[in-house]
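The values are calculated or read from the model by the stated rules, or taken from the named source; none is laboratory data. Every value quoted in this text rests on a predicted model; they were computed, and no experiment measured them. Cβ coordinates were reconstructed from backbone atoms using ideal geometry, including for glycine residues, and neighbour counts include every protein chain displayed. Calculation scope for accessible area: heavy atoms of the full protein, side chains included, ligands and nucleic acids excluded. Shrake-Rupley method; radii C 1.70, N 1.55, O 1.52, S 1.80 Å.
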Amino acid sequence: QDADLYISAVGADDRIVHRLPPDRHAWIQVVSGEVVLNGHSLLEGDGAGVRDEDELEIRSAKGGEILLFDLA
């Protein structure tokens, strides 16, 4: 499988940007806390599949931890 895995702690008021090359997609899993992915709120335990996006923007007002799978 052509996959990259990123683990990140997103601090309060942090902003993380991950660029997705063409023909790739992503899965975000919220391990703890709350995050906002491209304007959509995700809570602990939530996951989201992303495709047809050039960029992922992950923010958090309260802090959280995520797993980001960058997939072919």
Q.
Taking 25 °C and 0.890 mPa s as the conditions, I'd like the Stokes-Einstein D for the chain in µm²/s, using the Kirkwood hydrodynamic radius from alpha carbon pairs.
A. 205 µm²/s
(Q) Tell me the carbon and sulfur percent of the accessible area for the chain, rounded to whole percent, probe radius 1.4 Å. (A) 47 percent
Q: Please give the contour-minus-distance gain from Glu57 to Asp23: 0.36 nm per residue of separation, less the Cα-Cα distance, rounded to one decimal in nm.
A: 10.4 nm
(Q) Could you compute the net charge surrounding Gly63? Neighbours are other residues with a C-beta less than 12 Å from the C-beta of Gly63; K and R count +1, D and E count -1. (A) -3
Q: For the chain, calculate the relative contact order in percent as a whole number, restricting contacts to Cα pairs under 8 Å that are 6 or more residues apart.
A: 51 percent
Q | Phi to ³J(HN,Hα) by Karplus 6.51 cos²θ - 1.76 cosθ + 1.60 over region 12-23, Hz, x for Gly, Pro | A | 4, 6, 6, 9, 10, 10, 10, 8, 9, x, x, 6
Q) What is the set of long-range amide H partners of Leu20 at a cut-off below 5 Å, with H atoms built 1.01 Å from backbone N? A) Glu55, Leu56
Q) Near Gln29, within a Cβ-to-Cβ distance under 12 Å, what is the net charge of the other residues, with Lys and Arg +1 and Asp and Glu -1? A) -3
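Can you give the longest stretch of the chain with no exposed loop site, where a site means trypsin sites (Lys or Arg not before Pro) in a DSSP loop (not H, G, I, E or B) with at most 13 other C-beta atoms within 10 Å?
My reading of the result: 1-50 is the longest stretch.
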Q: State in Å² the accessible area per residue of the chain; use a 1.4 Å probe, count heavy atoms of protein chains only, and round to the nearest integer.
A: 63 Å²
Q) ³J(HN,Hα) across region 59-72 via Karplus (A = 6.51, B = -1.76, C = 1.60, θ = phi - 60°), whole Hz, x for Gly/Pro? A) 10, 8, 8, 10, x, x, 10, 10, 10, 10, 9, 9, 10, 7
Q) If amide H atoms are built 1.01 Å from N in the plane of the peptide, which residues on other chains or at least 5 residues away come under 5 Å of the amide H of Asp46? A) Val30
**Q.** Per-residue HN-Hα couplings for region 42-49 [Karplus 6.51, -1.76, 1.60; θ = phi - 60°; Hz; x = Gly/Pro]
**A.** 10, 9, 3, x, 6, x, 8, x
Q. What does the accessible area of Glu65 come to, in Å² to the nearest 10, when a probe of 1.4 Å is used?
A. 90 Å²
**Q.** Cα shape, region 14-53, gyration tensor, a/c 1.5 rule
**A.** prolate
